[in-house]
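A short worksheet on the structure shown next.
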Amino acid sequence: MSVKTASQMEPNTGGLLALALQEGGDEDLRASSPPAFEPSFRMDGPGPRKFRELEVGRLVEDILSSHLQEEIYDPVRCKQLSQDLAGKINQRVRELNFPRYKLVAMVSIGSVREKPGTHLGSRCLWDDRTDSSTTAHFTNGSLYAVAMVYGLYFA
């Protein structure tokens with residue numbers, strides 16, 4: 001049995017061969033045909049189930065108002081609350097069934113009295129035809145909340 005490494009083989013042998021084992025002889029092993037794989041990607045876009053900003057925005061506003069209506073700002077509590085709300089939003093948006101979309105939800109909660117001039121921003125590099133985002137706000141007498149949800153099409 002002889003062993004040939006990739007550097008000893010002829011280029012373009014019809015397949016990716018890193019190591020070829022041969023019995024009796026120095027002839028090259030060549031693949032008769034490349035293996036057939038079904039394509040697991042789509043380049044044409046999401047089709048009818050595109051990420052819908054308005055529907056997601058209304059859902060996020062409902063979640064924020066139902067969970068924060070009676071809340072009073074407490075920094076320790078709001079840290080955990082923002083994480084819980086982001087998880088809840090992510091779960092509920094997934095239930096809307098946007099196939100092949102990766103979802104990112106972020107929630108920021110702050111005090112109305114302590115930091116009234118807070119500015120939040122985000123920058124993204126994405127495909128305008130398929131990717132999108134929505135933002136929802138909530139304020140009561142004690143706190144404000146901003147939730148941002150990004151829908152990124154995964155081809």
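Quick rundown of the values:
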| read-out | value |
| --- | --- |
| Arg113 vs. criteria in contact (Cβ under 8 Å) with a residue 60 or more places away in the chain and either in a loop (DSSP other than H, G, I, E, B) or not aromatic (Phe, Trp, Tyr) (or both) | no |
| Flag for Leu21 being at pLDDT 95 or above and either assigned to a helix (DSSP H, G or I) or more than 30 Å from Asp127 (Cβ to Cβ) (or both) | no |
| Boolean, Ser108 is assigned to a loop (DSSP other than H, G, I, E, B) and small (Gly, Ala, Ser) | no |
| Matching option when the condition is within 23 Å of Arg58 (Cβ to Cβ), modelled with pLDDT under 95 and touching a strand residue (DSSP E or B) at 6+ places or on another chain (Cβ under 9 Å), among Leu85, Leu120 | Leu120 |
| First in segment 59-88 and touching a residue at least 12 places away in the same chain (Cβ under 8 Å), second anywhere and among the hydroxyl-bearing types (Ser, Thr, Tyr), Cβ under 6 Å, 6 or more apart | Ile72/Ser142; Tyr73/Ser111; Tyr73/Ser142 |
| Qualifying positions in segment 124-155 - over 22 Å from Tyr101 (Cα atoms) and assigned to a loop (DSSP other than H, G, I, E, B) | Asn140, Gly141, Ser142 |
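The rows are residues; the columns are (1) under 12 Å from the mean Cα position of the chain (by Cα); (2) surrounded by 11 or more Cβ atoms within 10 Å (Cβ to Cβ); (3) over 23 Å from Tyr153 (Cβ atoms).
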| site | (1), (2), (3) |
| --- | --- |
| Glu95 | no, no, no |
| Phe98 | yes, yes, no |
| Leu103 | yes, yes, no |
| Gly110 | no, yes, yes |
| Gly117 | no, no, yes |
| Ser122 | no, no, no |
| Leu125 | no, no, no |
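The values are calculated or read from the model by the stated rules, or taken from the named source; none is laboratory data. Predicted model only: the values in this text are computed from it and were never measured. Here the Cβ is made from the backbone with ideal geometry for all residues, glycine too, and neighbour counts use every protein chain on show.
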